[in-house]
Amino acid sequence: MTKTMTNQPLHEAVRERRLVCDGAMGTQLMLAGLEQGSCGEAWNLTHPERVLAIQRRYAEAGADCIITNTFGGSRLMLRRHGHEPHLAEINAAAARITREAFGGRPGYVLGDIGPLGAILEPYGDLPAADAQSALEEQAVALVRAGVDAIIIETQTSLEELGIAIDAAKAAHAPCVIASLAYDLSVDGTFYKTMMGVSPEDAAAFVEERGAHIVALNCGTGMDMKGAAIVARIYREHCRLPIMVQPNAGLPVLENLKAVYKQSPADLAREVPAAIAAGAGIIGSCCGSTPEHTREIRRMVDLAAKQN
């Protein structure tokens, strides 16, 4: 694949300038016609023009980094939809589509690896060796397709996160981003993952394991204000660049579904807090749209002019 970004690795670029990442993919795919419960990753092969249209809107909104449509692109996740035999093609197509979305402009393609959807032994049925094999297989497919980084997203346990970091490094990923999903406590005083991992412990673990960027995405109660809180904790406990991808506010329940209603302007209003906390890459997650990305871009550019 032909790259259009400079050869500067992402984790070096972010130490020199603040970057903007894209927003939600799943909800955008559903708006484009993907049925609930269907395999969005398969659209990289069956409906590439629809995936491209979504990512092109993010690029036009000002995203420097776009995440590939491969969140569920591992062997274990694709097997559930009968697409395991197409793993390499799905991941390669995703990287190609994302690169094309930049339209020849500079941009970083982040190869997405999501959770495996199973619990590791001894608490669950998934052997660590099988997890390592599945994660490394996807990482290799993405790296061979020319991604600029591997982003390991929505992680809740250090065990799976550690295996995923090792897999990305074994695949010779140019940059490894480790992103955890934190939930706000009932009393609203602290954040931890579903498996009880604190931002303090995560920051130290990610740095020691050899990832290049520590990140956060998603999570119950994770808005931009919360992202700033966690980013500040990260900064106090490691020296790595920081990436944040909070949700578009806090969800409300409508027809038994979580709906995110925060406007682009309201989400972006807290971007200065995330910047002050040390976030070097700012994007968004659940419920966000290219318009949210556009507002984040505006606030990031404004902050750059003021410095």
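General remarks:
- Extension gain, residue 144-residue 123: 0.36 nm per intervening residue step, less the Cα-Cα distance, totals 4.2 nm.
- In segment 248-307, inverting the average of 1/r over every pair of distinct C-alpha atoms gives 12.2 Å as the Kirkwood radius.
- Debye, to nearest 20: dipole size of segment 31-146, +1 on Lys, Arg Cβ, -1 on Asp, Glu Cβ: 400 debye
- Summarising the label geometry, the points placed 7 Å from Cα in the beta-carbon direction at residue 304 and residue 79 lie 4.4 nm from one another.
- Distance distribution note for segment 78-148: the fraction of Cα pairs above 20 angstrom is 38%.
- Each Lys and Arg adds +1 at its Cβ and each Asp and Glu adds -1 at its Cβ; summed about the Cα centre, the chain shows a dipole of about 1020 debye.
- Projecting the Cα atoms of 122, 54, 93 onto the charge dipole of segment 45-141, computed from C-beta unit charges around the Cα centre, puts 54 farthest toward the positive end.
- Spatially proximal aspartates and glutamates relative to residue 192 (Cα-Cα < 17 Å; intrachain offsets below 8 disregarded): 153, 159, 160, 183, 200, 201, 223, 236
- Subtracting the Cα-Cα distance of residue 186 and residue 252 from their residue separation scaled by 0.36 nm leaves 22.2 nm.
- Each 20 Å bin from zero up to the one holding the largest Cα-Cα distance in the chain carries the following percent of pairs: 36, 61, 3.
- Exceeding the 28 Å Cα-Cα cut-off - candidates 169/305; 261/305; 225/257: 169/305; 261/305
- When the convex hull of its Cα atoms is viewed from all sides, segment 26-82 shows a mean projected area of 4.0 nm².
- Each residue of segment 1-148 gets 123 Å³ once the volume of the Cα convex hull is shared out per residue.
- Here the average projected area of the convex hull drawn through the C-alpha atoms of segment 97-241 stands at 9.3 nm².
- Accessible area of segment 233-297 belonging to carbon and sulfur atoms, whole % at 1.4 Å probe: 56 percent
- Per-bin percent of Cα-Cα distances, segment 224-278 [5 Å]: 4, 21, 24, 18, 14, 10, 7, 2, 0
- Calculated accessible area for the chain comes out at 43 Å² per residue, all protein chains present (probe 1.4 Å; ligands, DNA, RNA ignored).
The values are calculated or read from the model by the stated rules, or taken from the named source; none is laboratory data. Because the structure is predicted, anything quoted here is derived from the model rather than measured. A quick note on method: Cβ atoms are made from the backbone with ideal geometry, for glycine too, and the neighbour counts reach across all protein chains shown. Note: accessible area is taken over every heavy atom of the protein model, side chains too, but ligands, DNA and RNA are not part of it. Shrake-Rupley method; radii C 1.70, N 1.55, O 1.52, S 1.80 Å.
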